[in-house]
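Written out below as structure tokens is the structure these notes cover.
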Amino acid sequence: MLNSDEVKRIALEVGFDDCGIARADALSEDEYPLHEWIGLGWHGDLSYMERNADKRMDPRLLVPGARSVICCVSSYPPPDSVGGTAAYARTREYHDDIKQMLAALRERLGIEGKLCCDTVPISDKHWAARAGLGWIGRHTLLVTPRWGSWVNLGEIVTVEECSEYDEASSAPDFCSKCNRCVEACPNQAIKPLYAEQTSRAQHYMLDVCHCTAYYTTHHSRPLPPDVDPHGYTQGCDLCQLACPYNQKALNINNQTNV
């Protein structure tokens, strides 16, 4: 059995900024209404989201017998300007860094496990939320208490049991009184999943067909005339820049650079 405190300590030692551990039970539709999102066609032509939908919800389909999802956070600098390249892509290729750190963590722990970072069918942000590292903001990204959503994520899915597991925040909705990210998107890409007021009305999802980042990343697509890129040529930061939790991260970063 893995010692949870040791896992987190080593995660920091290999270069991550935070680490949490979740039980490898399937995500619920309340946590991640993936199938409803696909049913609305809001995934555009991202057919891989359909092909591996069940694996994104249940890591035991990805790694048979999985018991634990070790979730790791790597923060990146917030942008110092608007437009051009989104902040996550202004530094070196983060996939390589995260995979190297995950491999180092796995080796130090002496375990077998699947390394995950974007290219593996697992919902990184929802597992990070399950592991208590933050919550899913209205802009559909993971928001951490310290770095806001200026983070990249990676996981190790393993059959190993851990001595203790983290839990998602019990707060119902951190964004319930705020709509700034929704209003900041010039294309209205962030939408409530349910038109009528229900107990699940807090779910907002991204309609990628109206999202600048959809057209300027993932093998660039022709930009429709009704989509305003607002000066971005790769990705987009507008919804994140509007988030009050990210303003805190911006202030921390500015103080560090003084």
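So, D166, is that one open to solvent by less than 40 Å² (accessible area, probe 1.4 Å) and modelled with pLDDT of 95 or more or not? The answer is no for D166. If only residues of the stretch 77-95 that are open to solvent by less than 20 Å² (accessible area, probe 1.4 Å) and either within 17 Å of T158 (Cα to Cα) or at pLDDT 95 or above (or both) are counted, the one that is farthest from the chain's Cα centre (by Cα) is G83.
Filter the stretch 97-127 down to the residues that are assigned to a helix (DSSP H, G or I), over 17 Å from H203 (Cα atoms) and in contact with a strand residue (DSSP E or B) (Cβ under 9 Å, 6 or more places away or on another chain) and list them by number. Spell out how you get there, then give the answer.
We begin by selecting, within the stretch 97-127, every residue assigned to a helix (DSSP H, G or I); these are 97-109, 124-127.
Those still in the list that are over 17 Å from H203 (Cα atoms) too: 97-109, 124.
Within the stretch 97-127, D97, I98, K99, M101, L102, A103, L105, R106, L109, D124 qualify.
For the stretch 96-104, the criterion of being over 18 Å from F16 (Cα atoms) and either open to solvent by 20 Å² or more (accessible area, probe 1.4 Å) or of a type outside the set (S, T, Y) (or both) is met by none of the residues.
Of all residues in the stretch 120-163, count the ones that are in contact with a helix residue (DSSP H, G or I) (Cβ under 7 Å, 6 or more places away or on another chain), open to solvent by 10 Å² or more (accessible area, probe 1.4 Å) and of a type in the set (D, E). Of the residues in that region, 0 qualify.
V227 satisfies every condition listed in (1) β-branched (V, I, T); (2) assigned to a helix (DSSP H, G or I); (3) more than 27 Å from E31 (Cβ to Cβ); (4) at pLDDT 95 or above except (2).
Among the residues of the stretch 33-56, just one is part of a loop (DSSP other than H, G, I, E, B), farther than 15 Å from H218 by Cβ and open to solvent by 70 Å² or more (accessible area, probe 1.4 Å), namely L40. Counting the residues of the stretch 26-39 that are touching a residue at least 12 places away in the same chain (Cβ under 8 Å) and over 15 Å from D124 (Cβ atoms) gives 7.
Looking at the structure I just gave you, is S74 modelled with pLDDT under 95, of a type in the set (G, A, S) and either open to solvent by less than 70 Å² (accessible area, probe 1.4 Å) or within 16 Å of the chain's Cα centre (by Cα) (or both)? Give the steps one after another, and end with the answer.
Details: modelled with pLDDT under 95: no; of a type in the set (G, A, S): yes; either open to solvent by less than 70 Å² (accessible area, probe 1.4 Å) or within 16 Å of the chain's Cα centre (by Cα) (or both): yes.
When the stated conditions are applied, S74 does not pass them.
Selection of the stretch 204-222 for residues being surrounded by fewer than 17 Cβ atoms within 10 Å (Cβ to Cβ), over 24 Å from H126 (Cβ atoms) and not charged (D, E, K, R) yields H219, S220, P222.
The values are calculated or read from the model by the stated rules, or taken from the named source; none is laboratory data. The structure presented is a predicted model; accordingly, all values stated were derived computationally and were not measured. Please note: Cβ atoms are built from the backbone with ideal geometry, for glycine as well, and neighbour counts cover all protein chains shown. Please note that ligands, DNA and RNA were not included when accessible areas were found on the heavy atoms of the full protein model with its side chains. Shrake-Rupley method; radii C 1.70, N 1.55, O 1.52, S 1.80 Å.
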